[in-house]
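These notes concern the structure reproduced below.
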Amino acid sequence: MTLGTPSVMPGHPAAISDLLRGTDPTFSFEFFPPKTERGERVLWQAIRELESLQPSFVSITYGAGGSNRTSTVSTTDAIAAETTLLPMAHVTAVNHSVAELRNLVGHFASGGVRNILALRGDPPGDPQGEWVAHPDGLRYAAELVELVKSAGDFCVGVAAFPEKHPRSPDWDTCTRHFIDKCRAGADFAITQFFFDWRDWVRLRDAVEAAGVNVPIIPGVMPVTNVKQIEKMAQLQGSEFPSDLADRLHAVADDPEAVRAVGVEVATELARKLLDEGAPGIHFVTLNKSSATREIWQNLGPVPVARS
Ligand code: FAD
């Protein structure tokens, strides 16, 4: 197995959908926008350390509001202008009018950012609170897919939820809405992180059975901090497996041992998903490079750049 790398022509960035049509799985990293100068330094250290692995693409999450939105945009711009990486911008519909969303998407196009992950987003403050659409905005991510697609030659991704979205009443309803979102024009999807490979297979099979051929890239998050991942898993409605929790709690006082378990578990999950035909792996890095680098090395061999 080799892992895919982009061929970016100056002035015409690669579309992630084209990379996904290649023979090798894609391999991508997700970062979040820094809030402080120290956070900025940590992020850029991770970006530079991971750049040498030649990932297929990298992405920056879109902040819930305020300064971290500005930081999302400036970081995505800087990746496009100052690195050899292919950036994907996350965009959410939260607190944006349609006109603001068009401006934002236009801004990304002018900086050479062609790949966009179109999301509805969660309410700022309390992610589990009531979601209220902007009076001149959008209600669902499917509408944002249509907006971005109509704005230019963009390659558009959407979010997928192998265990179901926490707001959905049940898995079938969630998957039906996901399929509708794909039909609205999505080129690919990236999942929320999860721990059981069978959840991804179930979603992939249901989508294929509906006649929809949108590649679904699994999102994988290496556990490096037990409390943090348990809280995130709870917020997004993920099943945190009890055997993994037991293994982690047994070494909870030893951060290196926790990290080692996290790397081992994420490596096993990524390998199984690739064996099951996953089109790539999207790593949630939390702006740290070392765990992701180790997993990438475990998955080996060293990727071969496509010409
Ligand atoms: P939607 O697809 O609109 O779905 C939202 C809910 O509405 C779901 O329950 C869905 O089933 C339901 N629904 C959809 N269509 C309909 C319909 N027609 N009728 C009734 N119900 C419907 N959040 C951020 O704030 N910033 C980020 O950068 C970010 N990045 C993410 C990256 C990934 C890979 C993933 C998986 C999630 C990310 N999120 C991010 C979180 C995401 O914004 C939330 O999970 C949000 O609650 C759902 O977004 P969505 O795009 O899936 O919304």
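The values are calculated or read from the model by the stated rules, or taken from the named source; none is laboratory data. All of these numbers come straight from a predicted model, not from anything done at the bench. Methodologically, a virtual Cβ is constructed for each residue, glycine included, from the backbone with ideal geometry; neighbour enumeration extends over all protein chains shown.
Does the range 104-111 include one or more residues that are more than 14 Å from the ligand (Cβ to nearest atom), aliphatic (A, V, I, L, M) and in contact (Cβ under 8 Å) with a residue 60 or more places away in the chain?
No; the residues of the range 104-111 include none that is more than 14 Å from the ligand (Cβ to nearest atom), aliphatic (A, V, I, L, M) and in contact (Cβ under 8 Å) with a residue 60 or more places away in the chain.
Restricted to the range 54-69, and to residues that are surrounded by fewer than 22 Cβ atoms within 10 Å (Cβ to Cβ) and in contact (Cβ under 8 Å) with a residue 12 or more places away in the chain, which residue is nearest to the ligand (Cβ to nearest atom)?
It comes out as 61.
What are the residues in the range 77-93 that are of a type outside the set (D, E, K, R) and over 21 Å from residue 191 (Cβ atoms), if any? Step through it out loud before you land on a result.
Applying the first criterion (of a type outside the set (D, E, K, R)) to the range 77-93 yields 78-81, 83-93.
The answer is 78, 79, 80, 81, 83, 84, 85.
Can residue 11 be described as within 16 Å of the ligand (Cβ to nearest atom) and either at pLDDT below 95 or in contact with a helix residue (DSSP H, G or I) (Cβ under 7 Å, 6 or more places away or on another chain) (or both)?
So residue 11 does not fit the description; no.
Is it the case, given these coordinates, that residue 148 is within 25 Å of residue 15 (Cβ to Cβ) and more than 16 Å from the chain's Cα centre (by Cα)?
yes
When both residues are 6+ apart or on different chains and their Cβ atoms are under 8 Å apart, which pairs have a first residue that lies in the range 174-189 and is among the basic types (Lys, Arg) and near the ligand (Cβ under 9 Å from one of its atoms), and a second that is modelled with pLDDT of 95 or more and part of a helix (DSSP H, G or I)?
Note: pairs meeting the criteria are 181/141; 181/142; 181/145.
Looking at the range 150-180, which of its residues are crowded, with 23+ Cβ neighbours inside 10 Å and either of a type in the set (S, T, N, Q) or in a helix (DSSP H, G or I) (or both)?
Across the range 150-180, the qualifying residue is only 178.
Does residue 127 count as of a type outside the set (Asp, Glu) and over 27 Å from residue 108 (Cα atoms)?
On the way: of a type outside the set (Asp, Glu): yes; over 27 Å from residue 108 (Cα atoms): no.
Here the answer is no, as residue 127 does not meet what is asked.
Being out of contact with any Gly (no Cβ under 7 Å at 6 or more places or on another chain) and not in a helix (DSSP H, G or I) is the filter here, so list the residues in the range 33-55 that pass it.
Once the filter is applied, which keeps residues that are out of contact with any Gly (no Cβ under 7 Å at 6 or more places or on another chain) and not in a helix (DSSP H, G or I), the range 33-55 yields 34, 35, 36, 52, 53, 54, 55.
For the range 181-203, enumerate the residues that are crowded, with 19+ Cβ neighbours inside 10 Å, out of contact with any Asp or Glu (no Cβ under 8 Å at 6 or more places or on another chain) and charged (D, E, K, R).
Within the range 181-203, 181, 187 meet the criteria.
What about residue 76, is it over 19 Å from residue 15 (Cβ atoms), crowded, with 20+ Cβ neighbours inside 10 Å and among the β-branched types (Val, Ile, Thr)?
no
For the range 113-171, how many residues are within 28 Å of residue 85 (Cβ to Cβ), within 7 Å of the ligand (Cβ to nearest atom) and among the basic types (Lys, Arg)?
1
Can you work out which of the residues in the range 204-236 that are of a type in the set (A, V, I, L, M, F, W, C) and surrounded by fewer than 21 Cβ atoms within 10 Å (Cβ to Cβ) is modelled with the lowest pLDDT?
Applying the filter and picking the extreme gives 235.
Conditions tested, residue by residue: (1) in a helix (DSSP H, G or I); (2) farther than 15 Å from residue 200 by Cβ; (3) more than 17 Å from the chain's Cα centre (by Cα); (4) of a type in the set (Lys, Arg).
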{"site": "214", "(1), (2), (3), (4)": "no, no, no, no"}
{"site": "233", "(1), (2), (3), (4)": "yes, yes, no, no"}
{"site": "240", "(1), (2), (3), (4)": "no, yes, yes, no"}
{"site": "243", "(1), (2), (3), (4)": "yes, yes, yes, no"}
{"site": "247", "(1), (2), (3), (4)": "yes, yes, yes, yes"}
{"site": "263", "(1), (2), (3), (4)": "yes, yes, yes, no"}
{"site": "267", "(1), (2), (3), (4)": "yes, yes, yes, no"}
{"site": "287", "(1), (2), (3), (4)": "no, yes, no, no"}
{"site": "296", "(1), (2), (3), (4)": "yes, yes, no, no"}
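I want to confirm something. Restricting to the range 18-42 and keeping residues that are within 16 Å of the ligand (Cβ to nearest atom) and farther than 13 Å from residue 71 by Cβ, which single residue is farthest from the chain's Cα centre (by Cα)?
By that ranking, first place goes to 20.
I need every pair where a residue in the range 155-169 that is on the phi > 0 side of the Ramachandran plot has its Cβ under 9 Å from the Cβ of a residue that is outside any strand (DSSP E or B) and within 6 Å of the ligand (Cβ to nearest atom), sequence separation at least 6 or different chains.
What qualifies is 164/174.
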